[in-house]
1. For the stretch 169-216, how many residues are over 28 Å from Leu151 (Cβ atoms) and without any contact (Cβ under 8 Å) to a residue 12 or more places away in the chain?
2. Residue by residue through the stretch 93-111, note down the ones that are open to solvent by less than 10 Å² (accessible area, probe 1.4 Å), more than 14 Å from the chain's Cα centre (by Cα) and farther than 16 Å from Ala150 by Cβ.
3. Hey, can you tell me all the residues within the stretch 29-54 that are surrounded by fewer than 20 Cβ atoms within 10 Å (Cβ to Cβ), of a type in the set (A, V, I, L, M, F, W, C) and in contact with a Ser or Thr (Cβ under 7 Å, 6 or more places away or on another chain)?
4. Can you tell me which residue is surrounded by the fewest Cβ atoms within 10 Å (Cβ to Cβ) among those in the stretch 231-247 that are of a type in the set (A, V, I, L, M, F, W, C) and more than 14 Å from ligand 2 (Cβ to nearest atom)?
5. Could you tell me whether Gly205 is surrounded by 17 or more Cβ atoms within 10 Å (Cβ to Cβ), within 18 Å of the chain's Cα centre (by Cα), away from ligand 2 (no atom under 16 Å from the Cβ) and among the small types (Gly, Ala, Ser)?
6. Within the stretch 55-74, is even one residue open to solvent by 10 Å² or more (accessible area, probe 1.4 Å) and more than 25 Å from Asp196 (Cα to Cα)?
7. If you scan the stretch 262-315, which residues turn out to be aliphatic (A, V, I, L, M), open to solvent by less than 10 Å² (accessible area, probe 1.4 Å) and in a helix (DSSP H, G or I)?
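The values are calculated or read from the model by the stated rules, or taken from the named source; none is laboratory data. For clarity, every value in this text was computed on a predicted model and none was experimentally measured. Cβ coordinates were reconstructed from backbone atoms using ideal geometry, including for glycine residues, and neighbour counts include every protein chain displayed. These accessible areas exclude ligands, DNA and RNA; they are computed on the full protein's heavy atoms, side chains included. Shrake-Rupley method; radii C 1.70, N 1.55, O 1.52, S 1.80 Å.
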Amino acid sequence: MKRFIFSLILPCILFSSCNQQHSEKQSRAAFLLGTRCSFRIFDSNKQNSQNVLQKCIDTIADIDSHINVHADTSTVSIINKNAGTNRFTAVPSYLYPLFERSLFFAKKTGGACNPVLGSVIRLWNIGFDDACIPSSDSIHAALSLTDYNALLLKESGILLQQKGMKLDFGATAKGFAADEAAKIMRQNHVQHALIDLGGTIFAVGTRPDGTPWKVGIRNPLERRGKPLLSLSLVDSCVSTSGVYERFFEQDGIRYHHIIDPKTGHPVENNVLSVSVIAGSGTDADALSTACFVLGYEKAVQLLVSEFPHAEAVFICKDKTVRVTAGLKTNIKIFNPLFRLAE
Ligand code: AMP
Ligand code: MG
């Protein structure tokens, strides 16, 4: 069985022409939230940049320690163990909005992005060595434990009402973590920075020369190489969900990590990847997963009616690139095999 995990976004390639003027680049990277996280600050105050980088890493390590479903003692694992009891599990107050916002998006997307899908996600375990195709019976049983209305949030803590239910914040945690890192940067007067949490990129401010950051989106059909397209970002986040981020192959069939909550199997539709741009990383992350699950038509309806400030780029199996209205003049397609759909 082959197992793959890699990022769909290439933030670095496109800012080599960046005029750094008086600012100096300070950067750090760490493996957190199951992915490579990197932080780049462009600022003249080197000491401040170093302090901010350390705070960002510490904060994301803390988020990871609470939401890691593979660590028995994490807060989310304890919530999962307490499912079906009457014991609410306390969460740190700064983390509470991750739970609230994830539940909000589950409701808004009709469960397309559902934090209570953990029982099904654990069965497949895509991205880990023991990933496998579960039996139909086990998928059926796990699907009966995914009702997000059974997730209770109180100021004092969190409770899953049914035994066997499991939380999984894989679809929203990187966006939330990017928001927290951006908050730390802004509080510390950083004006030019890039936060890259494997597939979720938060651009703080502009490039040092005042022009927008340019972020490349990978061709989901290739593991390496030039980006398929680029888009401009200022003070906003782009999050990509795609078939090529985490997957395994068995008997020539590819099983990727985004689960259709209706079938309990990896989503099958015309979409290879969706990138959503929003002012909030949590929103961009939740919406990219939801849009991937919903497919192009339903996703655009949702964005237009409920999230008009979010924009999206869909890279589709028919080699079209489809974008929401606000992005038509904000992207550049480099790969001649793909065309912008009308
Ligand atoms: P993303 O890359 O943001 O689309 O998130 C994908 C991750 O979220 C997966 O690796 C799972 O941990 C989790 N996940 C998969 N399918 C769903 C879904 N339909 N709703 C919520 N979380 C999901
Ligand atoms: Mg997501």
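1. Matching residues across the stretch 169-216 total 3.
2. Selection gives Leu95 alone.
3. Scanning the stretch 29-54 gives a single hit, Ala29.
4. Selected residue: Val234.
5. Spelling it out, it is not the case that Gly205 is surrounded by 17 or more Cβ atoms within 10 Å (Cβ to Cβ), within 18 Å of the chain's Cα centre (by Cα), away from ligand 2 (no atom under 16 Å from the Cβ) and among the small types (Gly, Ala, Ser).
6. Applying the first criterion (open to solvent by 10 Å² or more (accessible area, probe 1.4 Å)) to the stretch 55-74 yields 55, 57-59, 61-62, 64-73.
Subsequent filtering for residues that are more than 25 Å from Asp196 (Cα to Cα) retains 72-73.
Checked the stretch 55-74: at least one residue is open to solvent by 10 Å² or more (accessible area, probe 1.4 Å) and more than 25 Å from Asp196 (Cα to Cα).
7. Ala284, Ala286, Leu287, Ala290, Ala299, Leu303
Per-residue answers, yes or no, for (1) closer than 24 Å to Arg246 by Cβ; (2) at pLDDT 95 or above; (3) within 13 Å of ligand 1 (Cβ to nearest atom):
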{"position": "Pro115", "(1), (2), (3)": "yes, yes, yes"}
{"position": "Trp124", "(1), (2), (3)": "yes, no, yes"}
{"position": "Cys132", "(1), (2), (3)": "yes, no, no"}
{"position": "His140", "(1), (2), (3)": "yes, yes, no"}
{"position": "Glu155", "(1), (2), (3)": "no, no, no"}
{"position": "Ile158", "(1), (2), (3)": "no, yes, no"}
{"position": "Met165", "(1), (2), (3)": "yes, yes, no"}
{"position": "Phe169", "(1), (2), (3)": "yes, yes, yes"}
